[in-house]
Amino acid sequence: MRSPGLLLATWWGSGLSPRAPGTVGSLAALPFCYFWLLTLPGWGVAGVALLLLLLGVWAAEQAGEAWGKVDHGAIVIDEVLGQLLALALPFYAMGASAISLEFLLVGFMLFRLFDVAKPWPVSYFDNHWKSGWGVMLDDVAAGVLAGLGGMLILPLLP
């Protein structure tokens with residue numbers, strides 16, 4: 001874990017959880033996402049997302065080479081980006097006042113649902129892009145689907 005690529009790929013070690021590393025990585029992402037959404041302008045959050053995508057491709061490829069598996073379970077930087085997208089879409093649709101425990105919980109649960117169930121187009125990237133890009137893009141797709149779902153569900157909550 002002395003490698004910056006492996007440290008980043010595991011999101012500071014959260015992906016090394018022996019149980020449900022993707023869920024643990026998504027939980028570890030929540031404080032960062034919350035901070036970014038509340039402190040950065042929209043273009044700043046987009047910049048963070050782009051940076052996570054590019055660094056994530058590099059880190060996932062580094063980890064995949066080191067561990068001999070392209071999409072090793074300990075790689076969770078993709079969950080960080082997906083979780084950010086799952087929260088950012090409803091955040092910008094509904095405004096900063098929408099952030100609450102329910103907001104975070106719905107975004108987290110929808111992202112995990114789409115990441116695990118892998119409906120199309122998530123499954124397309126997961127099955128056809130066997131590289132760092134595929135590792136990241138399937139979670140981008142899951143995050144966008146979760147964000148759209150959040151935009152539909154969150155206004156219905158009291």
Give Gly73, Gly95, Gly82 a once-over and let me know the one that is in contact with a Pro (Cβ under 7 Å, 6 or more places away or on another chain) and small (Gly, Ala, Ser). Gly73
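When the stretch 39-51 is examined, which residues are found to be free of Cβ contacts under 8 Å to residues at least 40 places away in the same chain and in a helix (DSSP H, G or I)?
Of everything in the stretch 39-51, those that are free of Cβ contacts under 8 Å to residues at least 40 places away in the same chain and in a helix (DSSP H, G or I) turn out to be Thr39, Trp43, Gly44, Ala46, Gly47, Val48, Ala49, Leu50, Leu51.
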Considering (1) closer than 19 Å to Gly22 by Cβ; (2) in contact (Cβ under 8 Å) with a residue 60 or more places away in the chain, say which one Met151 fails and leave the rest. (1)
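Scan Ser131, Ser97, Ser123 and give me the residue that is touching a helix residue (DSSP H, G or I) at 6+ places or on another chain (Cβ under 8 Å) and farther than 30 Å from Arg2 by Cβ. Can you show your working first?
On the way: Ser131 fails: farther than 30 Å from Arg2 by Cβ; Ser97 fails: touching a helix residue (DSSP H, G or I) at 6+ places or on another chain (Cβ under 8 Å).
None of the others qualify; the one that does is Ser123.
What tally of residues in the stretch 39-94 results from selecting those that are among the hydroxyl-bearing types (Ser, Thr, Tyr) and either over 20 Å from Gly107 (Cβ atoms) or touching a Gly at 6+ places or on another chain (Cβ under 8 Å) (or both)? Please lay out each step first, then the result.
Kept after step one, since they are among the hydroxyl-bearing types (Ser, Thr, Tyr), are these residues of the stretch 39-94: 39, 92.
Restricting the remaining residues to those that are either over 20 Å from Gly107 (Cβ atoms) or touching a Gly at 6+ places or on another chain (Cβ under 8 Å) (or both) gives 92.
Count: 1.
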What number of residues in the stretch 13-38 are over 24 Å from Leu110 (Cβ atoms) and either in a loop (DSSP other than H, G, I, E, B) or under 15 Å from the mean Cα position of the chain (by Cα) (or both)? 2
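Output the number of residues of the stretch 90-136 satisfying the condition of being touching a residue at least 24 places away in the same chain (Cβ under 8 Å), among the aliphatic types (A, V, I, L, M), buried (at least 20 other Cβ atoms within 10 Å of the Cβ) and more than 18 Å from Leu27 (Cα to Cα). Outline the logic, then answer.
Filtering the stretch 90-136 for residues touching a residue at least 24 places away in the same chain (Cβ under 8 Å) gives 90-94, 96, 98-99, 102-104, 106-108, 110-116, 118-119, 126, 130-136.
Now narrow it down to the ones that are among the aliphatic types (A, V, I, L, M): 93-94, 96, 98-99, 104, 106, 110, 113, 116, 135-136.
If we keep only those that are buried (at least 20 other Cβ atoms within 10 Å of the Cβ) as well, we get 106, 110, 135-136.
Now narrow it down to the ones that are more than 18 Å from Leu27 (Cα to Cα): 135.
Looking only at that region, the number is 1.
Of Ala29, Ala66, Ala86, which residue is surrounded by fewer than 21 Cβ atoms within 10 Å (Cβ to Cβ) and touching a residue at least 12 places away in the same chain (Cβ under 8 Å)?
Numbers: Ala29 fails: surrounded by fewer than 21 Cβ atoms within 10 Å (Cβ to Cβ); Ala86 fails: surrounded by fewer than 21 Cβ atoms within 10 Å (Cβ to Cβ).
Just a single option satisfies the conditions, and that option is Ala66.
Only the coordinates and a few stated rules stand behind these numbers; no lab work does. Computed from a predicted structure; not experimentally measured. Cβ coordinates were reconstructed from backbone atoms using ideal geometry, including for glycine residues, and neighbour counts include every protein chain displayed.
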